[in-house]
Structures are given as C-alpha cells and as structure tokens.
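Structure record follows, encoded as structure tokens.
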Amino acid sequence: MSHTWTMATIPDQRGRVAVVTGANTGLGYETARALAERGATVVLAVRNVEKGEQAAARMTGDVTVQALDLTSLDSVRSAAAALRSRLDRLDLLINNAGVMYTPKQTTSDGFEMQFGTNHLGHFALTGLLLDLMLPVPGSRVVTVSSTGHRIRAAIHFDDLQWERSYSRVAAYGQAKLANLMFTYELQRRLAAHGTTVAVAAHPGISSTELARHAPALLRLPLTWLAPLVGQAPAMGALPTLRAATDPAALGGQYYGPGGRGEVKGHPRIVTSSPDSYEVAVQQRLWAVSEDLTGVTFRVVQPEPRTRSTASITPGGQYTVNP
C-alpha cells in the first residue's frame, strides 16, 4: 500500500455531502477545505458561528455553517434537526471536534468535559444523523481519535465522569479510547446494512490549538515541540481525509501517519491498542452511551461476543468483522 497518499490523491468529491465538526480551525478546517476544493458540499458544524463563517469565507466551493455545541445535548439535537431539514442525504460525517487536557469541568448535561464532548456528543450526533446516511452507498462515519488513546487509557465504568478523582491525561485517554470503541462497534452494527461504514483516524502530532487547555507544564512542550517533531495541520488532516475518501478503505479500519511512531508522515492503515478491540467493553460502552444521551441507533445489533472481532489480512489491514 502506498505511503505517499496526499491531498492530490483525494478523488473527485462532486455530488457528495459532508458534515465536519470543529471545522473552523486546525485539522477540521483543513479537512473541510480539502473536501470542498474537490467538489463536495460541505457543512462546517461549529460552536462559534462567527468563526465558522470566517472559515467558510476562506474556502473555495459550496461551504455553509451549522451551529453545533457538542457540550450540550440540546444543541446536538437542534443541530441534527436543522441538518435533517436542509439535507436530503449525507455521504460523510466527520467527527473531528474535540477538547484535550481540560481542567476538571462538566458539560451542560453534567458529563466530564472530555468524555462528554469527544465521545458522547459525537455518539449522539451520529445516531441522530444516521438515517440520512444509510440509504447512501459508500457513505462513511469517520471519527478522529488520537495516540492519546494508549496513554493511561481505560473505560472507567465505575466513575465515567471522574467524580471521585480527576486526571486530565487519563480522562483524555478514556475519551479517545471511547472514540475507537465507538467506531468498531458502530461498524459491526452497520455491516448488515451494506451501505455505510465506520472508519477511524488520528493525526499524529500536529500543530493545532488542541492543547490550549493543557496545564503550563504540558502546554509549553506540546506547543514548542509539535512544529519540530510533528507536522502541519494540512498533513495532520490526511489520515482523516484518506479514511473519508480512499475508495479502498474498509469499515473498521484506522488510519494514521506512516512515519516512525505514527508521529508524522503520509497516512496508512495503523493498529490501535489491544484494549480498543475488547468487544465486550465496546458493547457495554455503547449501552451506557445510549442511556446517557437518550439516543438509540436504528441499526442491527450483532450477537454479543466476548472476544475481539478484529482481524488482520496478510497485507496488514485490520478490519472489524460482523
């Protein structure tokens, strides 16, 4: 498989409709811009509409803005209703927005900020928009995770909201691990429908505003080292774009930079942590997420399993089997 997949490799996207969350800056902006330049109709789903309009003005193509605050389930429902009223189809839902290393705080619904924003907000949005995708052959849900899913990461079912104690790093790890588990379980549920697939991606180390909430001890190294050892947002967006547009991409795959340590480089299929493939945990997280958000997906639930259904081909491609 080629390791030189670039912006120029993106196929013609004319006729496709994409919603990109957090698209007014950083990776989301570069993702949306590239899709629009290749002909897609793109909706920037953003918390700050004014900044979204400014971002849209810098892009070429059919680009509009939709208000979306992932820290509020009311906002997620309102945004989904608005999108359903203005779109008759959805080819790409790119769950990109996120927060990192925030101080201890909660969303308007009482969820820990990182788990509530990065996972539960996108879980709810996907469930509320999925009806626009299921009739569309080749449609994809792409969720952006992070190498942080390997760092002090576990799903703490006994304290999901970190009410007893709080670690910024561990809470971020839980949220990013949840992004991957959501992708794998969603793909298993989508497999019976044969039209929509779920794919994940991560940007490696990229120079964005994501670390702005980190404490100074972490923020300074992240801010200064990222440009030196990492890559620009346009490169960091490539794994997401490949997951969204590569005709060869399969449901359940995970894309990241192809360089050493997956820090930077052209995108390729990568593997996630062993914990991320634990099917029983995926399914428990799914059930808890439905309960917390009140959003139920209209897709077939697979038979319960206790072991991973991830498989590897001779070429090193990981897929999730129904």
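Do we have G252 as over 24 Å from A8 (Cβ atoms), modelled with pLDDT of 80 or more and under 13 Å from the mean Cα position of the chain (by Cα) here? Against the criterion (over 24 Å from A8 (Cβ atoms), modelled with pLDDT of 80 or more and under 13 Å from the mean Cα position of the chain (by Cα)), G252 qualifies. In segment 104-163, the qualifying residues are those that are more than 21 Å from L83 (Cα to Cα) and of a type in the set (D, E, K, R), and the one that is surrounded by the fewest Cβ atoms within 10 Å (Cβ to Cβ) is D158. Could you go through segment 9-18 and let me know if any residue there is surrounded by 14 or more Cβ atoms within 10 Å (Cβ to Cβ), in a loop (DSSP other than H, G, I, E, B) and among the hydrophobic types (A, V, I, L, M, F, W, C). Yes, that holds for at least one residue. On the given criteria, is L218 over 24 Å from Q282 (Cβ atoms), among the hydrophobic types (A, V, I, L, M, F, W, C), in contact with a Phe, Trp or Tyr (Cβ under 7 Å, 6 or more places away or on another chain) and modelled with pLDDT of 95 or more? Answer is no for this residue. So, L90, is that one touching a residue at least 60 places away in the same chain (Cβ under 8 Å), assigned to a loop (DSSP other than H, G, I, E, B) and of a type in the set (A, V, I, L, M) or not? So L90 fits the description; yes.
Scanning segment 181-200 for residues that are surrounded by 24 or more Cβ atoms within 10 Å (Cβ to Cβ) and in a helix (DSSP H, G or I) turns up M181, F182, T183, Y184, E185, L186, Q187, R188, L190.
G204: modelled with pLDDT of 80 or more and either assigned to a helix (DSSP H, G or I) or within 14 Å of the chain's Cα centre (by Cα) (or both), yes or no? So G204 passes the test. Of all residues in segment 74-81, one or more are in contact (Cβ under 8 Å) with a residue 40 or more places away in the chain and touching a helix residue (DSSP H, G or I) at 6+ places or on another chain (Cβ under 6 Å). Among residues of segment 19-37 being of a type in the set (A, V, I, L, M, F, W, C) and in contact with a Gly (Cβ under 9 Å, 6 or more places away or on another chain), the one that is surrounded by the fewest Cβ atoms within 10 Å (Cβ to Cβ) is A36. If we scan segment 49-64, do we find a residue that is crowded, with 19+ Cβ neighbours inside 10 Å, assigned to a loop (DSSP other than H, G, I, E, B), in contact with a Gly (Cβ under 8 Å, 6 or more places away or on another chain) and not polar (S, T, N, Q)? Looking for residues that are crowded, with 19+ Cβ neighbours inside 10 Å, assigned to a loop (DSSP other than H, G, I, E, B), in contact with a Gly (Cβ under 8 Å, 6 or more places away or on another chain) and not polar (S, T, N, Q), one finds none in segment 49-64, hence no.
How about segment 267-322: which of its residues are loosely packed, with under 13 Cβ neighbours inside 10 Å, at pLDDT 95 or above and within 30 Å of G236 (Cβ to Cβ)? Once the filter is applied, which keeps residues that are loosely packed, with under 13 Cβ neighbours inside 10 Å, at pLDDT 95 or above and within 30 Å of G236 (Cβ to Cβ), segment 267-322 yields only P274. Going through (1) touching a strand residue (DSSP E or B) at 6+ places or on another chain (Cβ under 6 Å); (2) small (G, A, S); (3) modelled with pLDDT of 85 or more; (4) closer than 19 Å to N179 by Cα one by one, G258 falls short only on (4).
The values are calculated or read from the model by the stated rules, or taken from the named source; none is laboratory data. Just so you know, these numbers come straight off a predicted model, no measurement behind them. For neighbour counting, all protein chains shown are included, and Cβ atoms are generated from backbone atoms with ideal geometry for every residue, glycine included.
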